[in-house]
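Have a look at the structure below, then the notes.
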Amino acid sequence: MRTGIATVCLSGTLKEKMQACAIAGFDGIEIFEQDLVTSPLSPEDVRKMAADLGFTLDLYQPFRDFDSVPEDLLAANLRRADAKFRLMSRLGMDTMLVCSNVATATIDDDGLRARQLAALAELAGDHGVRVAYEALAWGKYVNDYEHAHRLVEMVDHPNLGTCLDSFHILSRDWDTAPIEDINAEKIFFVQVADAPKLSMDVLSWSRHYRVFPGEGQFELAKFMGHVVRAGYTGPVSLEVFNDVFRQSDVERTAVDAMRSLIWLEEQSAKWLEANAANGAAGTVAGGPPAPARRRYPMELTTLPQVAEPAGFNFAEVKAADTAALETVLGQLGFEFNGRHRTKDVQLWTMGHARVIINEQAPSGSAAPGAAAPAIAALGFDVDSPVIASARAQQLKAPAVPRKSQANEEVFQGFAAPDSTEIFLCQGSPDGTAAWINEFGEPRWFGEGLEVPSGGRSAVIDHVNLAQPWQHFDEAVLFYTSALALEPQPYAEVASPSGLVRSQVMQTSDRAVRLVLNLAPLLQQDGTRHKTYQEHIAFAVDDLVATARSARERGLNFLQIPANYYEDLDARFGLDPAFLATLQELNLLYDRDGDGEFLHFYTATVGSVFFEMVERRGSYDGYGAPNAPVRHAVQYDHLHQLTSSTHSTTH
Ligand SMILES: O=C(O)c1ccc(O)c(O)c1
Ligand SMILES: [Mg+2]
């Protein structure tokens, strides 16, 4: 598959954008007119730069408001087009995108439109260039790709073809199957963009909320499957108008973009394989069976296949000052299992829940509280760490090799977009981890030893990671593509510092659940600090018993207001004794279908806090209705801390 990207996706100047596209490895780019008009580079410079950087200039765009106009306007439009065609020959470009008229169209007549597009195609032919006609979803008269293509067929000119843009097609819910009926020679260009499903006017949706494939909710593999079956072999080019990407680090965004195409290519191949029977290439009744994999003119590269991770292998928290962390883990019922033979790390376990305390200051943390604990790494159990790692590498995940001594397990690691290190570990059917013997005697798994109150079955239930605002979408694609987690529709949780966008990523069996939170910025002392709090949740068999022993050991629980329990009673009509226990122990409660959920939170140490949960029956959520009360209490704590600092320093 030939990869492409429109310069409008990226931040920076034309030169910076082009350099980033080369680093990310695109085969070609679309030049957005504004990027050229505002550039000090001459068209000849741009042409030379593209050649030097090793990619092609595939599309010049957009040319607006051409069709469906009165005669005098047509003459002016053709003059305008002539100037652009001359510019294109200086750039060495051969295809221009013309989008359907939104502003100056006054005549709704396909015959007239076809005659006008024919005049444009004729002029393009004189300059040796081609015109790709695109139906904008909000075009005044032409807003449907099939309509645009009917016009192309009416004109029937070698220099006029169709541009298919997934956004304009999928935002309007147009059926994508008829793409297959288009003569491939007449598909001059294909643009792809994903988007979250939003109910708003389509123009604003398109101009601000497009995202890279895998970061939204469109069925892009299906769209691409039809494009491939049509026989198209040209560039598949990202055209993503997104307010965040346009102000983020250009090289990072270009790599994120490239990852999305590599993933889309694989997903398209999978869609084609899964839908082989009902496509044009399906088995003919009575004929020979269809070959397992039909070949299409467009070659689709696939990736090493990985299964969903089977569970969390460990969570790692970094802290230069480990005392507070050790205290909380001990109070929760974790056991200290010793230090590593060669590294400055400690292992704490409860059942199969493993927490590593890395005695180093968290990286990237700013001066005050730099030594304070922060989540640094997560280990996942996968079938084959080597294959999963090869896949992540092909998806351009930055590797973080871990130093290890001979006969120690070597973890394959990658940096997630929020810089959490993700390690791919060999799972084992009994839920243990091979590397624990690097910490000495695995005495806690021995028979007859006392097990902490959490019980042998304790596991990491989910991990909640705070995402920097500019890397949120990138993170969704990262976990989808590299780790096979499925994004769930995102929720917005009210907190005193703003709405927290919360996106659950999970395996289909729920063995791994990650919650990505886009935390708002909190104004403090006139400066902007991130309310950076993340947590690790552990599931136990008996939450009430766990809470009682934690209380005996002096755990600092997150204190839940009485109003919460009144509301709980109003909503669920709980048994009074049960309600009193919940309130006494600061437990939260939720119910769905025939399942129940009990949980509590610890106070925060550094940027980390812990949650203990008990799932009863088939409860499938995370206590999301309780998230606002947690945010509000944590906000109060943070403010009390800040104001007490104030009163001592002033
Ligand atoms: O939003 C627009 O105007 C616009 C312009 C060119 C395109 O290719 C497109 O998809 C949208
Ligand atoms: Mg487009």
Item to complete: At 0.36 nm per residue, minus the direct Cα-Cα distance, what do SER618 and GLN305 gain on full extension? Give it in nm, one decimal, please.
Response: 109.7 nm
Response to the item:
Quick calc: nm separation of the 7 Å Cα→Cβ label points for GLN426 and VAL410 -> 1.3
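Give me the percent of DSSP beta bridges within the chain that run antiparallel, rounded to the nearest 5.
Just about 55 percent of them are antiparallel.
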Practice prompt. Any chance you could run the full-extension gain for ASP249 through ASP636? It's 0.36 nm times the residue separation minus the Cα-Cα distance, nm to one decimal.
Written response: 135.9 nm
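Taking the Cα centre of region 1-97 as origin, sum charge times position over the Cβ atoms of Lys and Arg (+1) and Asp and Glu (-1), and report the length of that vector in debye to the nearest 20. Numbers along the way, then the final one.
Working: 11 positive and 15 negative charges, 46 e Å.
The dipole magnitude comes to about 220 debye.
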Discussion item. Taking a virtual spin label 7 Å from the Cα of GLU584 along the C-beta vector, which residues in region 530-567 bring their backbone nitrogen under 11 Å of it?
Written reply: 548
Worksheet item: R0 = 60 Å: FRET efficiency of ALA75 with VAL400, Cβ-based, nearest 0.05?
Response: 0.45
Worksheet item: Can you give the angle from 0 to 90° between the axis of helix 110-126 and the longest principal axis of the chain, with both taken from C-alpha atoms, to the nearest 10?
Response: 80
Discussion item. Among LEU160, PHE241, VAL46, which residue has its Cα furthest toward the positive end of the charge dipole of region 3-274, with +1 on Lys/Arg Cβ and -1 on Asp/Glu Cβ?
Written reply: VAL46
Worksheet item: Once both axes come from the Cα atoms, what is the angle between helix 323-332 and the longest principal axis of the chain, in degrees from 0 to 90, rounded to 10?
Response: 80
Discussion item. Give me the 1.4 Å probe accessible area per residue for region 3-274, excluding ligands and nucleic acids, in Å².
Written reply: 36
Worksheet item: Could you give the radius of gyration (one decimal) and Dmax (whole number) of the Cα atoms in the chain, in Å?
Response: 28.7, 93
Fill in: Using a Förster distance of 25 Å, the FRET efficiency for ASP383-ALA274 (Cβ separation, nearest 0.05)
0.75
Discussion item. Based on C-alpha coordinates, I'd like the Rg and Dmax of region 311-643, in Å.
Written reply: 19.3, 60
Worksheet, complete the sentence: Tilt, helix 627-649 to longest principal axis of the chain (alpha-carbon atoms), in degrees rounded to tens, equals 70
Worksheet, complete the sentence: Convex hull around the C-alpha positions of region 3-274: the volume in Å³ per residue is 115
Worksheet item: Considering only protein heavy atoms, what is the solvent-accessible area of LEU574 at a probe of 1.4 Å, reported in Å² to the nearest 10?
Response: 20
Worksheet entry | All-pairs alpha carbon distance profile, region 122-278, 10 Å steps from 0, percent | 11, 38, 35, 15, 1
Fill in: Nearest-0.05 FRET efficiency for GLU326 and GLU16, computed from C-beta distance (R0 60 Å)
0.80
Discussion item. Out of the total accessible area of the chain (probe 1.4 Å, heavy atoms of protein only), what percent is carbon and sulfur?
Written reply: 51
Worksheet item: Just going by the charge dipole of region 311-643, with Lys and Arg at +1 and Asp and Glu at -1 on Cβ, which of THR327, SER508, ALA392 is farthest out on the positive end?
Response: ALA392
Worksheet item: About its Cα centre, what dipole magnitude does the chain give when the only charges are +1 on Lys and Arg Cβ and -1 on Asp and Glu Cβ, stated in debye to the nearest 20?
Response: 1080
Worksheet entry | Separation between Cα centres of region 189-259 and region 123-157, rounded to whole Å | 21
Worksheet item: Cross-link list LYS15/LYS48; LYS17/LYS396; LYS270/LYS396; LYS15/LYS197; LYS48/LYS84: which exceed 22 angstrom alpha carbon to alpha carbon?
Response: LYS15/LYS197
Discussion item. Counting C-alpha atoms alone, how compact is region 1-139: give Rg to one decimal and Dmax as a whole number, in angstrom.
Written reply: 15.8, 47
Worksheet item: Got a sec? Which residues in region 185-224 would a label at ARG295 touch, if it sits 7 Å along Cα→Cβ and we count backbone N under 20 Å?
Response: 185
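The values are calculated or read from the model by the stated rules, or taken from the named source; none is laboratory data. Just so it is clear, the model here is predicted, and its values are computed rather than measured. Heads up, the Cβs are rebuilt from the backbone with ideal geometry, glycines too, and the neighbour counts pull from every protein chain shown. Surface accessibility is based on the protein's heavy atoms, side chains included, excluding ligands, DNA and RNA. Shrake-Rupley method; radii C 1.70, N 1.55, O 1.52, S 1.80 Å.
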